[in-house]
2 protein chains.
Amino acid sequence: MHDHSLDDQQIDHISQIFKALSDPTRIKVLHLLFQRECSVNEIAEQLNMNQSAISHQLKYLKQLHLVKKRKVKTMSYYSPDDYHVMNLLEQTIEHTKHTS
Amino acid sequence: MHDHSLDDQQIDHISQIFKALSDPTRIKVLHLLFQRECSVNEIAEQLNMNQSAISHQLKYLKQLHLVKKRKVKTMSYYSPDDYHVMNLLEQTIEHTKHTS
DNA sequence: TTATAATATGTGCATATGTTCATATACTAA
DNA sequence: TTAGTATATGAACATATGCACATATTATAA
């Protein structure tokens, strides 16, 4: 038998994860990082967006432990850091491709 | 070989679904409806929230086809209407319970 | 040292969001 | 009809969000 109860802390955590995935820019960033590690400028160029906007979003994602950073000289290379959330996103993307 | 391209329409759709799941109230509503069909007042009482707030959120969820409505006399009974999204939510809830 | 490059950060702004309040609507029952 | 109940809706409000701009920080290279 399952326990259906949910405390507010768990719910807040879940909503935070889904909120991270609820923005088109963050989806694009994560989907790109799923394919390959990228620097900030690479991401900004790929998505045709301001470097500052990308940097802010990467900070947001890093704070949630969804991405990690590797510094080399002046460059910051970002890559996924949460296997479960990345699978959640990629499976949803695949499902959307096959249905819409 | 996979196609990694994603058009903006698909991304907007995905972000809309995740946005629906990014609010604690909507998570609680959907999780409750996953267990059993409920009227608006039932939901409001269970979540200890304003009837109007629940009604607004149900309209939001219905517009996205995540819930459906069954009218009986003056009552509106709501239940899930998207198997895939409900599974997405419930699996994430289960995962959170077992890890956090 | 100075200049340059990559990234990070603070601020301001327009817009979006979630809620409450008051009220409207739909339906029932007396 | 009228009163009562359940739900829906519109408006207003405080807060959150995502972005651009300017600038700061960090590290390199000349």
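The values are calculated or read from the model by the stated rules, or taken from the named source; none is laboratory data. From a predicted model like this one, the values you see are computed outputs, not experimental measurements. Glycine gets a Cβ as well: all are built from the backbone with ideal geometry, and neighbour counts include every protein chain shown. Surface accessibility is based on the protein's heavy atoms, side chains included, excluding ligands, DNA and RNA. Shrake-Rupley method; radii C 1.70, N 1.55, O 1.52, S 1.80 Å.
Details
- Pick from region A:43-71, criterion in contact with a strand residue (DSSP E or B) (Cβ under 9 Å, 6 or more places away or on another chain) and open to solvent by 50 Å² or more (accessible area, probe 1.4 Å), ranking: farthest from B:Arg26 (Cα to Cα): A:Lys71
- Just one of the numbered conditions (1) away from DNA strand D (no atom under 13 Å from the Cβ); (2) at negative phi; (3) open to solvent by 70 Å² or more (accessible area, probe 1.4 Å) is not true of A:Gln16: (1).
- Members of region A:13-42 that are more than 7 Å from every other protein chain (Cβ to nearest Cβ), among the polar types (S, T, N, Q) and within 10 Å of DNA strand C (Cβ to nearest atom): A:Ser39, A:Asn41
- Segments classed as helices (runs of 4 or more DSSP H), wholly inside chain B, with at least 2 members that are modelled with pLDDT under 95: B:8-20, B:83-99
- One residue stands out among those in region A:43-85 that are more than 14 Å from every other protein chain (Cβ to nearest Cβ) and hydroxyl-bearing (Ser, Thr, Tyr): the one that is nearest to DNA strand D (Cβ to nearest atom), which is A:Ser52.
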